[in-house]
Amino acid sequence: MMDWRIALGGVLTVVWIVGGILYLNRQPDSLFAMHIDELGGFLEGAFVPLAFMWLVIGLFVQQKELTSNTEIMRQSMLQGQQQAEAVAALEVNARQEAFFKISQNVQKQLGMVTGMQFISAFGDTEGNVVPDERTRELVQALSLGDDTVFVREFLSNSVPMIDQRTLVFYGTEIRRRHSMNYRETFERLVKLAAECDPDGLISGTVTNTAFGLLYNLLLRHAPAEVTIPADTSLVAVGPDLTVNVR
């Protein structure tokens with residue numbers, strides 16, 4: 001659609017030229033009879049107003065086009081930003097889905113490590129502190145998919161040797177190896193959760209599961225020679241059954 005300024009300029013130009021022609025027809029002297037200097041002055045005076053008018057119209061039209069282009073660029077930038085945010089959200093969702101799949105396998109691994117720790121601490125080597133029948137029930141529950149069954153036993157106040165958790169977790173080389181394996185695995189899980197969780201919701205959920213509560217016990221009851229790495233992303237705070245992320 002033609003800009004109204006251009007349409008107005010065209011009308012004024014036609015009116016101006018027609019008016020000039022009528023003016024010349026009323027003059028006694030012909031245009032061709034004028035001296036070259038007079039002809040130049042006449043043409044300059046006749047067309048300078050038109051040139052100035054079209055210059056002004058061109059500036060207004062150019063300003064409008066620049067404004068339109070600026071708005072188009074702004075909309076393009078906004079769309080690009082929205083697309084970038086959408087891609088970032090999809091990436092976060094993909095990483096979170098991958099984390100949940102990995103988390104299931106890690107929890108199974110932690111459940112098995114805890115089961116081995118439990119058997120080492122309360123099984124045959126310790127004089128069957130926990131009866132074999134009870135141990136078999138726990139192992140069966142673990143095999144059926146209850147990954148926290150042994151974790152809950154360690155967290156329960158009814159667990160044998162509740163006042164000797166340092167001995168239970170680190171009393172032998174095997175137990176110490178199981179405890180350190182559990183700690184390292186859980187720390188990697190929490191770090192992985194933090195990488196795909198900008199809001200910290202998943203990390204908070206992971207650290208406050210039964211696995212996180214047991215991890216805290218392993219830290220709190222570690223003997224002096226079992227140090228906590230200075231760069232660990234987890235610290236034990238508050239009561240025994242709390243784990244937080246820095």
Margin query: Being within 23 Å of the chain's Cα centre (by Cα) and surrounded by 20 or more Cβ atoms within 10 Å (Cβ to Cβ) is the filter here; which residues of region 203-219 pass it?
Written below: Ser203, Val206, Thr207
Notebook entry, point to check: Looking at Ala194, is it over 21 Å from Leu90 (Cα atoms) and either surrounded by 15 or more Cβ atoms within 10 Å (Cβ to Cβ) or under 17 Å from the mean Cα position of the chain (by Cα) (or both)?
Noted result: no
Next item on the list: Confirm whether Asn128 is in the same structural domain as Phe211 (by TED's automatic domain parsing) and within 30 Å of Ala89 (Cβ to Cβ).
Entry: no
Margin query: Among the residues in region 158-174, are any within 20 Å of Gly111 (Cβ to Cβ) and under 37 Å from the mean Cα position of the chain (by Cα)?
Written below: no
Check: Any chance region 159-182 includes a residue that's assigned by TED's automatic domain parsing to the domain that holds Gly123, under 17 Å from Ser103 (Cα atoms) and either buried (at least 22 other Cβ atoms within 10 Å of the Cβ) or basic (Lys, Arg) (or both)?
Finding: yes
Check: Pairs under 7 Å by beta carbon, first residue over 24 Å from Met112 (Cα atoms) in region 187-215, partner modelled with pLDDT of 85 or more and of a type in the set (A, V, I, L, M, F, W, C), six or more apart or different chains?
Finding: Cys196/Phe99
Checklist line | Yes/no for Leu144 being surrounded by 15 or more Cβ atoms within 10 Å (Cβ to Cβ) and assigned by TED's automatic domain parsing to the domain that holds Ala222 | finding: no
Check: Quick one: would you say Gln82 is in contact (Cβ under 8 Å) with a residue 40 or more places away in the chain and in a helix (DSSP H, G or I)?
Finding: no
Next item on the list: For region 151-159, state whether one or more residues are assigned to a helix (DSSP H, G or I) and farther than 17 Å from Ala210 by Cβ.
Entry: no
Next item on the list: Only one of these is in contact with a helix residue (DSSP H, G or I) (Cβ under 6 Å, 6 or more places away or on another chain) and modelled with pLDDT of 70 or more: Gly20, Gly41. Name it.
Entry: Gly20
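The values are calculated or read from the model by the stated rules, or taken from the named source; none is laboratory data. On a predicted model such as this, the values are computed, not experimentally measured, just so you know. Ideal geometry is used to build each Cβ from the backbone, glycine not excepted, and the neighbour counts take in all protein chains shown.
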